Ligand code: NAP
């Protein structure tokens with residue numbers, strides 16, 4: 001191998017969301033050059049794509065942000081506990097403006113291929129416009145849940161009105177007031193979208209295949225006192241996220257289990273935590289909810305009973321009752337008025353699993369086995385190819401021309417969701433087999449780890465880092481072993497994206513490391529301290 005030529009950039013990354021912005025900061029600190037490409041018209045990742053009514057973060061604002069700058073943390077002001085997409089987007093602009101990041105970002109540019117060049121050790125990146133760039137390090141910052149999935153339904157192109165995936169809500173906006181809206185899917189997106197659209201639409205009809213366990217979000221306005229408390233305690237908040245299984249600033253129940261707690265005390269604790277909102281109900285109550293089937297059943301039953309208190313019509317409540325799978329085997333959405341929306345006269349729920357399966361999309365609406373529904377707008381809130389979709393959407397070729405999507409046909413393997421064997425000098429931020437956690441926390445931990453590796457290479461004069469196959473085999477086996485010990489392993493029964501079980505023609509698989517985000521962050525720290533034993537470094541001179 002000969003490395004005579006200088007690449008165009010030290011680093012090329014795809015994706016200008018949280019990951020892209022964090023990368024720019026850390027790469028610049030390392031004194032390297034970077035170009036971040038994004039096919040979107042704006043930065044923001046999730047928040048520039050998901051502009052549907054009601055779209056908001058499910059993490060609380062004060063830890064759903066980047067923490068590399070104390071100044072940014074102190075200056076930015078959130079207005080509510082769970083900011084909507086507009087506010088999240090404003091925040092991302094604030095970060096990019098303050099840190100002068102725009103000069104390293106190229107929008108409206110889709111990358112169609114990334115090829116590892118065996119002769120130079122560089123990556124060749126090509127755009128849809130036909131431009132080509134080279135870099136030494138290629139980084140996927142494309143997001144964990146970004147590649148939309150639209151099911152193949154007969155007649156899908158025949159509808160005459162607006163018809164699109166929820167993450168492609170028209171950027172210029174869409175006036176749905178007084179219109180009849182049909183939504184296919186009843187996951188986290190619909191749970192957010194329904195209450196807002198129902199306020200002004202003539203009608204909203206939700207086509208549901210599987211009911212969810214849904215917990216309350218409990219939205220709150222930011223007060224000056226709360227903001228002061230947050231800003232005075234940021235070091236502690238960041239440390240809490242770094243040391244939490246889910247990367248969130250939660251307290252842990254440290255060893256308290258439902259199994260070992262008297263039943264009336266269990267109910268008391270669940271009741272106390274319910275009104276606090278967010279995922280705290282799962283992570284601050286008991287430690288055995290996601291591993292002990294009986295404990296999980298008790299918590300799940302509690303969630304269902306809370307739903308029944310809100311939904312007036314017992315028949316609708318029955319349809320909204322999750323059945324046949326454990327609580328959290330599908331990612332539970334947070335409720336901002338979803339259940340109350342079903343008490344409105346203009347909202348209808350259609351059970352397409354049993355009572356009236358979908359037949360086709362028609363020119364005027366949706367036909368089920370029992371009815372013809374007429375709509376002005378149809379939204380596919382049908383989810384995403386999580387963890388792997390973005391990387392598989394383009395042609396990423398490693399050694400010997402190996403296509404990443406071919407490598408991942410049966411097992412979406414990686415080393416800690418960051419490295420992939422046969423893909424030298426390539427890194428992923430929250431790739432497959434990383435944890436599912438508060439994303440900015442995981443993103444920043446990934447970026448720090450990746451930059452540690454790059455800095456080692458630059459400092460010690462290495463040209464290539466080659467992820468080891470045995471390290472990948474080990475991580476794949478370890479992740480699978482832990483996954484099998486959780487109730488999330490039953491996600492394949494209910495099309496859970498957490499196992500890629502929402503994809504047709506693809507086997508469900510282990511996509512998530514469930515050993516705890518904190519444990520995972522420790523593993524990355526230990527790997528860096530040990531000089532990255534998972535990869536082989538080489539010089540070419
Ligand atoms: P999702 O949770 O995967 O839900 C997709 C919905 O579409 C499900 O109800 C699914 O039914 C249905 N569906 C899929 N294919 C179908 C078909 N062929 N026929 C009928 N129904 C079909 O997707 P999502 O709601 O977009 O959420 C995905 C993830 O994105 C969330 O879990 C979350 O992690 C993230 N998200 C986050 C936020 C936030 O943090 N604020 C907001 C929205 C989304 P089945 O359940 O039967 O498969």
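Read-outs: derived from the displayed coordinates by stated rules, not from any lab. Bear in mind that the values here come from a model prediction, so they are computed numbers and not experimental data. Here the Cβ is made from the backbone with ideal geometry for all residues, glycine too, and neighbour counts use every protein chain on show.
List of remarks:
- For 231, 323, the sequence from fewest to most other C-beta atoms within 10 Å is 323, 231.
- At 1.002 mPa s and 20 °C, Stokes D of the stretch 253-401 from Kirkwood alpha-carbon radius, µm² per second: 113 µm²/s
- With contacts taken as Cα pairs under 8 Å at a separation of at least 6 residues, the stretch 396-541 carries a relative contact order of 29 percent.
- Computed from the alpha carbon atoms alone, the convex hull of the stretch 144-235 holds 188 Å³ per residue.
- Dividing the summed helix terms, -39500 (n - 2.57) for each DSSP H run of n ≥ 4, by the number of residues in the chain produces a 222 nm estimate of -9000 deg cm²/dmol to the nearest 500.
- Taking the fewest neighbouring Cβ atoms within 10 Å as the starting point, the ordered list for 49, 102, 123 is 102, 49, 123.
- The mean of 1/r over all pairs of different alpha-carbon atoms in the stretch 196-244, once inverted, gives a Kirkwood hydrodynamic radius of 15.3 Å.
- In whole percents, the pair-distance distribution calculated for the stretch 200-281 from its alpha-carbon pairs, binned every 5 Å from zero, is 3, 10, 12, 17, 19, 14, 10, 8, 6, 1, 0.
- The fraction of Cα-Cα pairs per 5 angstrom bin, counted from 0 for the stretch 1-121, comes to 2, 10, 19, 20, 17, 13, 8, 5, 3, 2, 1 percent, rounded to whole percents.
- Ordering of 171-183, 12-24 by burial proxy (mean other Cβ atoms within 10 Å per residue, highest first): 12-24, 171-183
- For the stretch 28-85, the extents of the C-alpha atoms along the principal axes are 39, 31, 15 Å, listed from largest to smallest.
- Relative packing of 154-162, 383-391, which averages over residues the other C-beta atoms within 10 Å, highest first: 383-391, 154-162
- In this label model, residue 272 and residue 5 are separated by 6.5 nm, measuring between points 7 Å along each Cα→Cβ vector.
- For the chain, the longest principal axis of the alpha carbon atoms and the long axis of helix 517-529 meet at an angle near 0°.
- Alpha-carbon Rg with Dmax, taken over the stretch 74-233, Å: 21.3, 62
- For the pair residue 363 and residue 219, label points projected 7 Å from Cα toward Cβ lie 3.9 nm apart.
- Once the Cα-Cα distance is subtracted from the 0.36 nm per residue extended length, the residue 409 to residue 507 segment shows a gain of 34.4 nm.
- Evaluated at q = 0.11, 0.12, 0.18, 0.22 Å⁻¹: base-10 log I(q)/I(0), Debye formula over Cα of the stretch 422-541: -0.43, -0.50, -1.00, -1.31
- Between helix 293-310 and the chain there is an angle of about 50 degrees, using the helix long axis and the longest principal axis of the Cα atoms.
- Computed on the stretch 1-156, with alpha-carbon pairs under 8 angstrom and 6+ residues apart, the relative contact order is 34 percent.
- Alpha carbon centroid spacing (whole Å) that separates the stretch 156-223 from the stretch 23-98: 24 Å
- With 5 Å bins from 0: P(r) over the stretch 391-436, alpha-carbon pairs, percent: 6, 24, 33, 29, 7, 1, 0
- FRET efficiency, 1/(1 + (r/R0)^6) with R0 56 Å, evaluated for residue 484 and residue 160 via beta carbons: 0.70
- Length released on extending from residue 399 to residue 93, taking residue separation times 0.36 nm less the Cα-Cα span: 106.4 nm
- Compared with the direct C-alpha span, the chain from residue 70 to residue 86 gains 3.5 nm at full extension, assuming 0.36 nm per residue.
- Residue order, fewest to most surrounding Cβ atoms within 10 angstrom, among 362, 223: 223, 362
- Here the scattering of the chain is modelled by Debye summation over its C-alpha atoms, one equal scatterer each and no solvent; at q = 0.05, 0.07, 0.12 Å⁻¹ the log10 of I(q)/I(0) is -0.20, -0.40, -1.21.
- Entry note, the chain: relative contact order of 19 percent, from Cα contacts under 8 Å with a spacing of 6+ residues.
- Degrees, to the nearest 10: 439-460 long Cα axis against longest axis of the chain: 10 degrees
- Averaging the Cα positions of each part gives two centres, and for the stretch 330-409 and the stretch 411-465 these lie 30 Å apart.
- Reduced Cα scattering model of the stretch 429-484, Debye log10 I(q)/I(0), q = 0.14 Å⁻¹: -0.52
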